[in-house]
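Participant: Starting off with a structure, shown below.
Bear in mind that the values in this text are calculations on the coordinates, not laboratory data. In this text, all values refer to a predicted model and were calculated from it rather than measured experimentally. Positions of Cβ are generated from backbone atoms using ideal geometry, with glycine treated the same way; all protein chains shown enter the neighbour counts.
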Amino acid sequence: MQSLERDVETLRNIPLFAGLPTARLKLIAYTAEIVRFEPGEVIVRQGGPADAVYIIVEGEAEVLLTDTAGHSVRLAMLGPHSLFGEIAVLARSRRTATVQAKDPVVTFKISAHVFLDLVRQSPDIGMQVMTVLAQRLERSNALLLERDRR
């Protein structure tokens, strides 16, 4: 199978993109970059530029938040089909956390421009992104409550 066709099929199996027409999936696959990371390698760094969003195709990564004293707290583990980097892209701000490969990770890297166009043109994608954001907020709130109880 050709590379573009294989990438389209991979995207089609990611829930965020499952309902998109083939032409849109081809555009995403054509513009996305496949990036591989080794265990321990930083994918995005807290405070870094919001130039792209990532979707994990294979492997696991951990989301780390570092406070001003330099202490890191693991916020979440991300596995296949997980989207990250969208908060900073949507807010047009800096990265809110560090994401680091836990084991070998393969990602689709989608430029901020392409991602924002996709959200504007596909209300279903916008709704799914909002759902992901709401779930993260719930998890963050639960972590804060748990820390306060200690």
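Participant: List the residues, sorted by chain then number, that are 5 or more residues from G47 or on another chain and whose placed amide H is less than 5 Å from its amide H.
Facilitator: When sequence neighbours closer than 5 places are left aside, the close amide H contacts are R95, T96, A97.
Participant: Hey, what angle do you get for helix 112-121 against the long axis of the chain, alpha-carbon based, 0 to 90 degrees rounded to 10?
Facilitator: That works out to roughly 70 degrees.
Participant: Using packing as a proxy for protection, rank 67-74, 12-19, 108-115 so that the peptide with the highest average count of other Cβ atoms within 10 Å comes first.
Facilitator: 108-115, 12-19, 67-74
Participant: Would you work out if the range 1-48 is rounded, prolate or oblate? Take a ≥ b ≥ c from the square roots of the eigenvalues of the alpha-carbon gyration tensor; rounded if a/c is under 1.5, else prolate when a/b is larger than b/c, oblate otherwise.
Facilitator: Prolate is the answer for the range 1-48, as a/c is 1.5 or above and a/b outweighs b/c.
Participant: Another question about this same structure. Would you pull out the residues with amide H under 5 Å of E58's amide H, same chain only if 5 or more places away, H placed 1.01 Å from N?
Facilitator: Distant-sequence amide H within range of E58: V106.
Participant: S3 to S111: extension gain in nm, 0.36 nm per residue of separation minus the Cα-Cα distance?
Facilitator: 37.0 nm
Participant: Calculate, axis by axis, the spread of Cα positions in the range 34-149 along the three principal axes, and write the results as whole Å, longest axis first.
Facilitator: Principal-axis extents of the range 34-149 (Cα, largest first): 43, 30, 23 Å.
Participant: I've got another one for you. I'd like the orientation of helix 3-12 relative to the chain: the angle between its Cα long axis and the longest Cα principal axis, in ° from 0 to 90, rounded to 10.
Facilitator: Between helix and principal axis, roughly 60 degrees.
Participant: May I ask you to derive the FRET efficiency for E33 and A134 from their Cβ-Cβ distance with R0 = 35 Å, giving the value to the nearest 0.05?
Facilitator: After rounding to 0.05, the efficiency reads 0.80.
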